[in-house]
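Chemist: Let me begin by handing over the structure; questions about it come next.
Laboratory data are not the source of any read-out in this text; all were calculated from the coordinates shown. Everything quoted here is computed from the prediction, not taken from an experiment. As a convention, Cβ positions derive from the backbone with ideal geometry for all residues, glycine included, and neighbour counts pool all protein chains shown.
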Ligand code: 4NP
């Protein structure tokens with residue numbers, strides 16, 4: 001079983017989408033996908049209603065997810081930790097205990113060589129079209145990631 005953790009700030013907008021999208025592209029018996037936030041603002045909450053709506057419009061149900069905060073034992077529980085932006089990266093790396101922890105953490109957009117700006121923009125203060133943009137960005141990236149995970 002390969003385990004992958006998607007991480008953003010609040011775990012209600014971007015990482016729940018990344019979690020649901022990647023899960024939809026991989027066999028459940030071989031891959032375990034989860035998500036978390038570096039902050040504790042929304043612990044226990046469902047994803048933002050706009051992330052739920054955009055996922056649903058694309059045939060993915062993320063409504064049952066519950067936000068949780070990233071914890072140091074996630075470095076033990078997961079093979080790969082994908083973060084949405086540099087700030088998430090810095091916050092996760094602050095908790096790393098050794099180089100093995102650090103080696104697990106990557107900006108998710110590093111997978112796509114055609115993308116220059118490695119930041120998945122935070123749509124929280126934006127509108128529904130920002131959420132669609134984030135969905136499309138993550139969908140393209142997760143296609144590449146799913147292929148990579150199944151060929152390595
Ligand atoms: P996320 O977006 O990190 O993509 O889940 C945010 C959600 C909530 C907040 C910030 C970003 N907040 O400040 O509450």
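Chemist: Once you sort the root eigenvalues of the Cα gyration tensor of region 65-152 as a ≥ b ≥ c, which label holds: rounded (a/c under 1.5), prolate (a/b larger than b/c) or oblate (the other case)? Walk me through the numbers on the way to the answer.
Modeler: Working: a/c = 1.83, a/b = 1.31, b/c = 1.40.
In terms of gyration-tensor shape, oblate.
Chemist: Follow-up. Want the number for residue 69 to residue 30: 0.36 nm per residue separation, take away the alpha-carbon distance, what's left?
Modeler: Numbers: separation 39, 0.36 × 39 = 14.04 nm, distance 2.46 nm.
Using 0.36 nm per residue and subtracting the Cα-Cα distance, I get 11.6 nm.
Chemist: With the cut-off at 1.5 for a/c, could you classify region 10-84 from its C-alpha gyration tensor as rounded, prolate or oblate?
Modeler: Details: a/c = 2.19, a/b = 1.12, b/c = 1.96.
Oblate shape, in that a/c is at least 1.5 and b/c is the bigger or equal ratio.
Chemist: I would also like to ask the following. What is the spin-label model distance, in nm, from residue 114 to residue 61 if the labels are put 7 Å beyond Cα along the C-beta direction?
Modeler: Simple spin-label model gives 3.3 nm for this pair.
Chemist: Would you mind checking the radius of gyration and Dmax of region 1-45 based on alpha-carbon positions, in Å?
Modeler: Calculated on Cα positions, Rg and Dmax stand at 10.9, 32 Å.
Chemist: Compute and list, largest first, the equivalent-ellipsoid semi-axes of the chain from the alpha carbon gyration tensor, each √(5λ) rounded to a whole angstrom.
Modeler: So the three semi-axes of the chain are 21, 18, 16 Å.
Chemist: OK, next. Tell me, what is the FRET efficiency for residue 53 and residue 98 to the nearest 0.05, using R0 = 35 angstrom and their Cβ-Cβ distance as r?
Modeler: Details: r = 41 Å, r/R0 = 1.17.
Calculated transfer efficiency: 0.30.
Chemist: Once fully extended, how much extra length lies between residue 143 and residue 128, figured as 0.36 nm per residue of separation less the alpha-carbon to alpha-carbon distance? Don't skip to the answer; put the middle values down first.
Modeler: On the way: separation 15, 0.36 × 15 = 5.40 nm, distance 2.25 nm.
Taking residue 143 through residue 128 to full extension adds about 3.1 nm, to one decimal.
Chemist: Would you please put 129-137, 15-23, 106-114 in order of how densely packed they are, using the mean number of other Cβ atoms within 10 angstrom per residue and starting with the highest? Mind showing how you got there, number by number?
Modeler: On the way: 129-137: 17.9, 15-23: 27.4, 106-114: 15.7.
Highest-to-lowest ranking by the protection proxy: 15-23, 129-137, 106-114.
Chemist: Per DSSP H run of n ≥ 4, the term is -39500 (n - 2.57); total these for the chain, divide by its residue number, and report the mean residue ellipticity at 222 nm rounded to 500 deg cm²/dmol. Can you show the working numbers first?
Modeler: Values: 6 runs with 62 residues, N = 152.
It comes out at -12000 deg cm²/dmol, rounded to the nearest 500.
Chemist: Now for a separate question. Pick from 42, 98, 80: which is most flexible by mean-square fluctuation in a GNM of the chain where alpha carbon atoms under 10 Å apart are linked?
Modeler: 98
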